[in-house]
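Working notes, structure below.
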Amino acid sequence: MFNRCLLLVVATVALTACKDESKKVVQLPTVAVSRGDINVRVQATGVVEPIDPVDIKSKAGGTVVQEPVEVGSVVKAGALLAQIDPRDVRNMFEQAMADDVVSAMSLDKAMRDRARKDSLLKYKVISQSSYDSTKTIVAAAVSDMISKRATLDIRRQGLEDATVRSPIGGTIVNRPVTQGQVVTAATAANGGTTLMSIADLGRVRMRVTIDEVEMGNIRVGLPASVSVDAFRDRTFEGVLEKIEPQAVVTQGVTFFPVMVSISNKEGLLMPGMNGEVTVNAADLKNVVQVPIDAIRATNELAPVARMFSVPVDTLSNQLRRDLVSVEGKTGIPGRYAVVELPNNTYEMRLVRLGPSDLKVVQVLDGLKEGDKVLSLGAVLANRPEVPPKLQIAANMQRGATTQAGEVASTKPASKSAGSKTAKP
C-alpha cells in the first residue's frame, strides 16, 4: 500500500514537472538584419498613345474635293492633306482684286486733281475752299484703298485656307472626314470640322497609374523599360516624363497618373497597344536590409499585442502621442520592428526606412546588421502558451522628445534608461 502511494506521488510530481516544462517561454521566429542589394522596381500597365497629336481643321468651309492621305500615311511638314472646293473663295478673292484696282485708280485720279489744283491755287484761279474739298477727296480715296487692300488680304488668306497642309511631319492617326463630305469652317478654337489628326510617332508615351504607396520611390527623369504584348521578346527604353499631381481613386484605391515617354524610331509601337512599364526606381548596393514582414506601422499594434498578450490600448498608451491617434487627433504613424534581446526578451524599436522592393526594405536607422527581428507574419500562426516579455524602446515611449522623422536612439533601451516593460 505504501509503495503504491509513493508511486502515485512520484507520478504526480513528474507530471507537474512536465507541465511546467511545457509552459516555459519558447523562442519566437526571428530573421537577422543583413546587408545586401535592393533593386527597386515599380511596375504598372497602360496603353501606348501619341505625344501631343494635332487636330487638323480648315478655316474654309465647303466640300472636300481632294484628300490624298489615308490613316497611317507618313507626311512631311507642308504636305497637302486636303483641298476644299475653292470656287466660292476664289470668286471672293477675284472680286476683292477688282475692288482694289478700282480704289487704286480712284486714288490716282484724286492725286492728279490735287496736283492740278495746287497750280490753280498758286495763281489764285480757284478759292481756298475749293482747294480744301480736293484734299478731302484725296483722303477718302486713300481710306477706301486701304480698306480694299485689307479685304483683298483676307480673301487671299481665305483662298489659301481652302488648301490644307500639314503643320508638322508625322503620321495620320485618325481621319473621320472623307472626300466629298461638306465641312464647316473653323472660325473659333473649338469650332469647325476635324478633318484628321496627325502625330509624330517617332516618340510615343504610355500613360499608367501608380499606387500611392509607390510614389515615394519614383521621380521625373528615372529610366524605364516598356514591354508590349505585340513584341514579347523585346523591351523599349523610356523615361518617366511626368507625374500628374491629381490622384484618381479606383475601387477605393488611390493611384496617380504617370507618363512615360518612349523612343519609337523604328515605328514598331502603335497607339492603342497594351503593355507594361517597369520604372528603375533605385539600385542600392550593400545596404542594411530587413524582410518587409518584420516591419509594421505604429497604428498596427494587433500582431504584437496578440503575441505578447498585451492589450492594444496598453501598448498605444505607452507610445509617443505623435505616433498614434490620441484624444481625437490622428498621429503620423512611425515604423517599428520587434528586436530579440540577449536576455530572451523583446523590444519594440522605432526604425527609419528607405526604398523597398516589396520583399526587403532598406533600414536607414534603428537597426544594425546582426540584429534579430521578429517575423510578425509568422508569429500569428505560432502563438506561444506563455508569452515572452516585451519592452518599448525609449525613443518610442510617451514623453520622449525627438525631432520629427528622426530616430532618437538606435541602441536597445534598458530599464535604467527608462524603458518600460509591457506587462500581460
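The values are calculated or read from the model by the stated rules, or taken from the named source; none is laboratory data. Just so it is clear, the structure is predicted and the values come from calculations on it, not from any experiment. Positions of Cβ are generated from backbone atoms using ideal geometry, with glycine treated the same way; all protein chains shown enter the neighbour counts.
So the values come out like this:
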read-out: Test: residue in the range 293-308 that is assigned to a strand (DSSP E or B) and not β-branched (Val, Ile, Thr); value: yes
read-out: LEU323 being under 25 Å from LEU364 (Cβ atoms), at pLDDT below 85 and in the same structural domain as LEU376 (by TED's automatic domain parsing); value: yes
read-out: Boolean, GLU237 is under 21 Å from GLY202 (Cβ atoms) and in contact with a Lys or Arg (Cβ under 7 Å, 6 or more places away or on another chain); value: no
read-out: The range 213-241, residues that are loosely packed, with under 13 Cβ neighbours inside 10 Å and of a type outside the set (A, V, I, L, M); value: GLY216, ARG219, GLY221, ASP229, ARG232, ASP233, ARG234, GLU237
read-out: Matching option when the condition is buried (at least 17 other Cβ atoms within 10 Å of the Cβ) and not assigned by TED's automatic domain parsing to the domain that holds ASN317, among GLY252, GLY267, GLY275; value: GLY275
read-out: Selection within the range 238-262 - part of a strand (DSSP E or B) and out of contact with any strand residue (DSSP E or B) (no Cβ under 6 Å at 6 or more places or on another chain); value: VAL249, THR250, VAL253, THR254
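Rundown of residues vs (1) crowded, with 19+ Cβ neighbours inside 10 Å; (2) assigned to a strand (DSSP E or B), yes/no style:
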| residue | (1), (2) |
| --- | --- |
| VAL42 | yes, yes |
| THR45 | no, yes |
| VAL48 | yes, yes |
| ASP55 | no, yes |
| LYS59 | no, no |
| VAL64 | yes, yes |
| GLY78 | no, no |
| ALA82 | yes, yes |
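Residue-wise test of (1) out of contact with any helix residue (DSSP H, G or I) (no Cβ under 6 Å at 6 or more places or on another chain); (2) outside any loop (DSSP other than H, G, I, E, B); (3) at pLDDT 65 or above; (4) over 14 Å from MET307 (Cα atoms).
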site	(1), (2), (3), (4)
GLY331	yes, no, no, yes
GLU347	yes, yes, yes, no
LEU350	no, yes, yes, yes
LEU353	yes, yes, yes, yes
LEU364	yes, yes, yes, yes
GLY370	yes, no, yes, yes
GLN391	yes, yes, yes, no
GLY399	yes, no, yes, yes
PRO412	yes, no, no, yes
